Structures are given as C-alpha cells and as structure tokens.
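Trainee: Take this structure, written in structure tokens, and hold onto it; I'll ask about it next.
The values are calculated or read from the model by the stated rules, or taken from the named source; none is laboratory data. Keep in mind that what you see is a predicted model, and the values were worked out from it rather than measured. With ideal geometry, Cβ positions are generated from the backbone for all residues, glycine too; neighbour counts draw on all protein chains shown. Protein only, heavy atoms only, side chains kept; ligands, DNA and RNA dropped before computing areas. Shrake-Rupley method; radii C 1.70, N 1.55, O 1.52, S 1.80 Å.
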Amino acid sequence: MSIVTVQLGQCGNQIGFEVFDTLFSDSHSSQGLCSKRENEAYRASCKERFFNEEENGVPIARAVLVDMEPKVINQTLSKAAQSGRWKYGQHAYFCQKQGSGNNWAYGYSVHGPRHEESIMNLIQKEVEKCDSLSGFFIIMSMAGGTGSGIGAFVTQNLQDQYAHSLKMNQIIWPYGTGEVIVQNYNSILTLSHLYRSSDALLVHENDAVHKICAKLMNIKQISFSDINQVLAHQLGSVFQPVYCAEGSFHYRRNPLEGFKDPALYTSWLHPIHALNVWKTQRAFSKYEKSASLVSNSQFLVKPLDMIVGKAWNMFASKAYLHQYTKFGIEEEDFLDSFTLLEQVVASYYNL
Amino acid sequence: MTQSVVVQVGQCGNQIGCCFWDLALREHAAVNQKGIYDEAISSFFRNVDTRVAGDSGSISKGKICSLKARAVLIDMEEGVVNEILQGPLRDVFDSKQLITDISGSGNNTGSGLGTFLLKVLEDEFPEVYRFVTSIYPSSEDDVITSPYNSILAMKELNEHADCVLPIDNQSLFDIISKIDLVVNSGKLDTTVKPKSLVISSAGALKKQQKKPFDAMNNIVANLLLNLTSSARFEGSLNMDLNEISMNLVPFPRLHYLVSSLTPLYTLADVNIPPRRLDQMFSDAFSKDHQLIRADPKHSLYLACALMVRGNVQISDLRRNIERLKPSLQFVSWNQEGWKTSLCSVPPVGHSHSLLALANNTCVKPTFVELRERFMRLYKKKAHLHHYLQVEGMEESCFTEAVSSLSALIQEYNQLDATKSMPVPDIPRLSIAV
C-alpha cells in the first residue's frame, strides 16, 4: 500500500526532502537484530509505500512538490537528484513566481482556487502510479502563507475527491517568538480548517525540536537543516513498516491504519521523545513508540491555548486584518475559527 | 522569485539609483560565477541579445548576453541622466527607459513627480507592491519650499505607497564620519577591507569619491540590496518583498519603517578576531546604524524585521532576539512582533550582515517637525503663489495634505498612549462544552 506525499511551501519542501532521504537511508541501512528475510520484507514494504521504481533502478519518491516561488523547489529537486540514490519525479512539482506573502488568505482564497486544477492533476497522476493507495501525507507549516493556506485548501480538496483515503497532515508549529508576525492568525485559520477535513494531525513544534538539538544532541549552532533532520528521523520511525497483530512476517499493510484507532483519533502526537539509535529499530520498537505517543495526547493543548490567546489579543485590536480582508477572509471567518478552536481546547481540558 | 522595477526620479533618485545598479552588478557577479542568466539575476536585470532589434532580443535562459536594468529613469532636466548615460553604466540602460524633459521644475521633481507616479502605478498595477525610499529633508535644508514639497508628498505616500523607508541625509553623513574615523584612525594594524565599506562603490565607478553624496548614496544602495537579498538568493528562511508589507504593516497607513544596516565595514586584518555575531545584532539596534534620526528604544515598536545574510543560523537569531527583547517596548497586541529571514548569501566583502526594519512610533517627531516647518511658511502664505500658478493646484491641496499628516500623527499618538498602560486582559470567547 502506498502513501502519496504532498509537500507545500518552504518548510514542507525542506522537511519533505529530509523525510524521503531518511526513509531511503533507513531501508538500506544495517538490519540490526532482525533476520535477513525480515529485512528484505521491511525494505520492500518501505519502498512500495514511498517510492516508485524507475527503469534504471533509481527510485522516485511518491511526492508532489508545491510552492508559490521557485527557489526552494529548485534546491530540493537538485539535492535529491545529486544524491544519486533516489530522486523526485521530473514533472512532479508545481510552482509560481511570487510567493504567498505569509498571507493565509492569499494562499487559501487566491492561489488555491487559481491553481486547483494543476495541483490536483499532479496528485492524481501520483495516485495512478500506486497499486493501492493507503492515503496522503501532507507536509506544511502553519506560520507562513503557502503551506498553511494552500495546505488547508488542498486538504479540503483531497477530502472531497478521495473521500475513502486517509489524510494525515504533518504540521509544523512555529517558534513561540517570532518567525512570522502574523503566525498566530495563520495558525488558527489553518487548524480550524484542517480540523474539518483532515483525519490526523501530526504536530512538531519548532521549540521542542530545537530543545532536542540543543540539550540532547548538543549542537552548538543549530540550523534549520539540523531541526529538519531530527524531525525526519522521528517521522521516519513512525512511518516505517510495523508488524500487525496477526504476527511476524506480515507487515501492517496500511501504514495509516493505526491512526484510525479511536484512541488515537485527533490525538496530537508529541515529539519530545528523543530517538537515540533509530537505525537499528525495526518492528517491535515501533509499537512501543505508538503507545507512548498516545499517552501524551493532551500535551499540545497548552501551546494551542497560547496561540489562540495571542491571536485573539491581536484580533481584538484589529491589527493586520486589512491584509486578510482584502483577499476575502473576513472577521467572521476569524470568529468561526476562534469558536472552533476554543471548543477543542475546552474539550481537551475536560478530558 | 519576484522581479522588481526600480523607478528613479529626480537628481537625488537617479544618483542613488546609479549607485544601486553598480552595486547590484557587483553582487551578482560575485555570486554568479558561470555567467548563466538565472532566477536571481532576473530579479533586477533583463538578458538581451543586443544584435537583435526590438523585443525579440530578450533571452530568458542560458548564458548572459547583455544585461539591462529593470529601471525607469525620470528627470525634468537632462543633466544627471546624461551623466549616467556617458558613464560606465551606459550599457545597462537602453534609451526607451529614460524620460527627460527640458524644462526644469525647480527642486520639485522627486517629491512631486515621484509621488504622482505612485498614484499612477496603483491605478495601472493595483496588485504590485510599491516600496518607496524617500530622502527626508534635514532642518538645515537649503531649499526654502521644501516643507511644502514634503507635506504634499507625504499625502501621496500615506495613500498610495505600501511601504516607505524614510532616510535623512544627516544620518547618512554621520555614518560616513564614523567610518572615516575608523579608516583614518592612523593605527597601522587596522586596515579596513575596501570592498566591504557600506559606502564604497564597485570597480565601475572608479572616479574619486570627492562628493560626499556618493558615499551617502551607496549606503542607500546597500539598503536596497539587502532588502531584496532574501527574495533573490536562497536561504533556509526566505522572505519576499510582499512578506515585508504583510508582517510590518498592521494598519494601512502605518507603513513607515526605520532601517538600520550593519556592519558598516569589515576589518581586513586577520589578527583581529572577526566581530562577534552578537555584536552585529546589538549594532542594529544602536542609533549609529540607523538611516534616519529617531529613537526607537524609547518609543513603541509595532513590529520589527531582522533580515540576516550569510553564515548565521536560526539559533543565533533566536539567542539574540531573546537577549535584545527586554530593552525594547512592543505594543501590547504584538509582544512577539518579530519577522525574521535567513539568506545564505552574504554581501560582497562580508561573512554576514543584518538589516533591521522597525515599524516604530519614533518616526512621529520627524513628521511633527515637518508639519511645524510647513505651518511656519503656510501661515504667511510665503511662496504659495508659485504653486497655485500651476494648473490643478489649489489651496485645498495644501489643507488636505496637512490634515492627512495630522491624522497620521494622531494614529501614532494613540499608540504611544498605550505605552505606559498595563497589558489589557481581553476576555476570551467562552464556550459551552
């Protein structure tokens, strides 16, 4: 069963690259404690999920790259191609010239509809290459304009067009202080929309991953590349094949099925579990990881509460609203988002 | 990657523009080793095969043939533009890009025609952002009618510009003096790398920089380069021009940004340790590095952007924001009002650099002073007849202009009033679960 990945915006594309690279490296790395046969099954499973085989043997990632400006996509495509080990599809990307200006409204209401056909066509092409589609993995940030706005738009479209496939969104929670000034607005608009159309939201906070780099990995001058690699390792461990209940040698066919479990539904998986020697981990440890993730499901309520609070504070002064209303996102849309998220927060607190 | 058109108006505008194109060529030459016409260089230059006439000569990919600046040069007199066309930059412009007229307009071109153009651009290209670098007159300005020009121009800037970067000559002059002090300090072991001076021009303009304006204009040219670097070159956290406007303009008319550039030079001597990275951040918040005289630390920040170039990572950025935050006052609804960008390519001659853009109420005194100087003249109707003689100009233009400025000042006043108040506790929506 295969997963089609959609990487959106600078963040989504930078992380997407690291994820595929990690998945590829892991599937080709030492097998550790498992047997050779097991390892081969593992490798085959991983490959089927994330890569398409090409004629000359270089696997092609099952991915669609979307950005509203060309620099990051160009870099991502060439980094993959240069590695010589795997690459992205030659035509598997869509890009424009101008960016989304950190404006959720511009991403969602202007770029989304304008480029809907092109983007959905690309996704459709990827889906057709899969023997059987398990679902979509959408990588996006909340703070900017493309990942957040177009990400929300595309997820909604996927909900309409592929109602029976699972959609998991990897969202990057920005640093608490300043990457983007309007990040709180963009975040609440994104979350409220995704809440209605996504099946699972996998969250990574920049602050948390940053701490891992600083305290657990002792990196002195932490770059986004470091952060993205840690993130990719964590994601990789979640996505690599796991044994299903029936027993050994049968890898769980649908990698996203685990997330249908009601106990995990809409749970916000907390990333503060350092992966030490993730490469030698094969099947069993994946279960352990899943269990511990569930127990942390309430952990993101506090950051969510904080974002809603800051966004509300700014909204009360009406600052920056003109930037959104000029593209069709009105005060009422903001209020709807606030209402929905306050309900989520209240529900979690009542758990 | 966006492409931008530079519109240079009047003597001041064209002289600055000239420095800008010179530096832009140098910057792209340093990065673009293979001579391929790429996305970065297409931001400011067209690629043209000069052997082919007309529009069919333009080449969008491949080797660089002949670069033409995406510029429009406008002046009411021919002098300055002619000088550019006879100088080393002559091949960078073609004749269709120039607009000159023979009759002079007596010190009115930049402010008058320049701001008129803003309205025209807004009407013709409503979706394209308009960034304006304006040189504000100093109080010792020798043009008597400059207060009239400034107030009339301000009305247009208020209504038709997306973002204004005000600059004053005195600040530029102070920066030059500071650099002179270091360069000529006489210490044998302190040599400044010539290319790294924020006031130095590239090889093309080899003539002696005897006029102080050349050095000053280069500072502004550097500002424009750094403003657009993250849009042109790659980095781990890109920032395009439309993001500047989105993040730094919380209300449509409050779009005046105080800029600071650092470093102003790099020391060449290897025995002296390179200026610590953190020092660069501190400098950006020092008045010595601002391009306009103002006191942001004692006023209120509405928003602040840090555009970093070179070998600087996110942890360096965050550490410095945490360090500097306590000494700065941000408005209550934007306590973490920071927008940041990381561009991998440093400016020529430096390993890293920083441009800080602050939307801060400290610009208010500049506007108040402008209004005062205007009122002194206007009360006596001094020199007014020169303006009223021009068709389309009436006294109402003046009264509307000063009222527009007063409204702007009032908006800043209201924000300043919130400074000493405690952060309001705004009740959240209460939801029945």
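Trainee: When you check residue A:93 against the structure, is it among the aromatic types (Phe, Trp, Tyr) and open to solvent by 30 Å² or more (accessible area, probe 1.4 Å), yes or no?
Mentor: yes
Trainee: Then there's this: With respect to residue B:369, determine if the residue is among the charged types (D, E, K, R) and open to solvent by less than 70 Å² (accessible area, probe 1.4 Å).
Mentor: Answer is no for this residue.
Trainee: Got at least one residue in segment A:99-115 being at negative phi, of a type in the set (Gly, Ala, Ser), loosely packed, with under 15 Cβ neighbours inside 10 Å and in a helix (DSSP H, G or I)?
Mentor: no
Trainee: Checking residue A:175 against (1) open to solvent by less than 10 Å² (accessible area, probe 1.4 Å); (2) within 22 Å of residue B:340 (Cα to Cα); (3) touching a residue at least 40 places away in the same chain (Cβ under 8 Å), only one condition comes out false. Which one?
Mentor: Looking at each condition in turn, residue A:175 falls short on (3).
Trainee: Which numbered condition trips up residue B:52, out of (1) surrounded by 13 or more Cβ atoms within 10 Å (Cβ to Cβ); (2) over 24 Å from residue A:70 (Cβ atoms)?
Mentor: For residue B:52, the exception is condition (1).
Trainee: Looking for something open to solvent by 30 Å² or more (accessible area, probe 1.4 Å), part of a helix (DSSP H, G or I), within 22 Å of residue B:112 (Cβ to Cβ) and charged (D, E, K, R) - is there at least one such residue anywhere in segment B:387-406?
Mentor: Taking every residue of segment B:387-406 in turn, at least one turns out to be open to solvent by 30 Å² or more (accessible area, probe 1.4 Å), part of a helix (DSSP H, G or I), within 22 Å of residue B:112 (Cβ to Cβ) and charged (D, E, K, R).
Trainee: Could I ask something else about it? For segment B:61-93, which residues satisfy the criterion of being open to solvent by 40 Å² or more (accessible area, probe 1.4 Å), within 20 Å of residue B:41 (Cα to Cα) and in a loop (DSSP other than H, G, I, E, B)?
Mentor: Those that are open to solvent by 40 Å² or more (accessible area, probe 1.4 Å), within 20 Å of residue B:41 (Cα to Cα) and in a loop (DSSP other than H, G, I, E, B): B:61, B:64, B:65, B:70, B:88.
Trainee: Step by step: first the residues of segment B:302-347, then only those that are part of a loop (DSSP other than H, G, I, E, B) and open to solvent by less than 30 Å² (accessible area, probe 1.4 Å), then the one that is nearest to the other protein chains (Cβ to nearest Cβ). Which residue is that?
Mentor: Taking the candidates together, the pick is B:337.
Trainee: What's the number of the condition residue A:38 fails, among (1) within 14 Å of chain B (Cβ to nearest Cβ); (2) open to solvent by 30 Å² or more (accessible area, probe 1.4 Å)?
Mentor: (1)
Trainee: Quick one: count up the residues across segment A:58-88 that are open to solvent by 10 Å² or more (accessible area, probe 1.4 Å), more than 19 Å from residue A:116 (Cβ to Cβ) and either outside any helix (DSSP H, G or I) or within 14 Å of another protein chain (Cβ to nearest Cβ) (or both).
Mentor: 13
Trainee: Considering segment A:341-351 alone, what residues qualify as being buried (at least 18 other Cβ atoms within 10 Å of the Cβ) and touching a residue at least 40 places away in the same chain (Cβ under 8 Å)?
Mentor: Scanning segment A:341-351 gives A:341, A:344, A:345, A:348.
Trainee: State whether the residues of segment B:277-291 include one that is of a type in the set (A, V, I, L, M, F, W, C), touching a helix residue (DSSP H, G or I) at 6+ places or on another chain (Cβ under 8 Å) and surrounded by fewer than 22 Cβ atoms within 10 Å (Cβ to Cβ).
Mentor: The answer is yes; a qualifying residue exists.
Trainee: Please go through segment A:300-324 and pick out each residue that is more than 21 Å from residue A:196 (Cβ to Cβ), more than 9 Å from chain B (Cβ to nearest Cβ) and in contact (Cβ under 8 Å) with a residue 24 or more places away in the chain.
Mentor: Correct list: A:306 only.
Trainee: Hey, another quick one. With under 30 Å from residue A:306 (Cβ atoms), open to solvent by less than 60 Å² (accessible area, probe 1.4 Å) and in contact with a Phe, Trp or Tyr (Cβ under 7 Å, 6 or more places away or on another chain) as the only criterion, which of B:377, B:354 stands out?
Mentor: Exactly one of B:377, B:354 is under 30 Å from residue A:306 (Cβ atoms), open to solvent by less than 60 Å² (accessible area, probe 1.4 Å) and in contact with a Phe, Trp or Tyr (Cβ under 7 Å, 6 or more places away or on another chain), namely B:354.
Trainee: When you go through (1) closer than 23 Å to residue A:100 by Cα; (2) under 16 Å from the mean Cα position of the chain (by Cα); (3) open to solvent by 10 Å² or more (accessible area, probe 1.4 Å) one by one for residue A:169, which number turns out not to apply?
Mentor: Only one criterion is unmet by residue A:169, namely (3).
Trainee: Would you pick out the residues in segment B:1-60 that are within 14 Å of chain A (Cβ to nearest Cβ) and more than 16 Å from the chain's Cα centre (by Cα)?
Mentor: B:1, B:2, B:3, B:31, B:36, B:38, B:39, B:40, B:41, B:42, B:43, B:60
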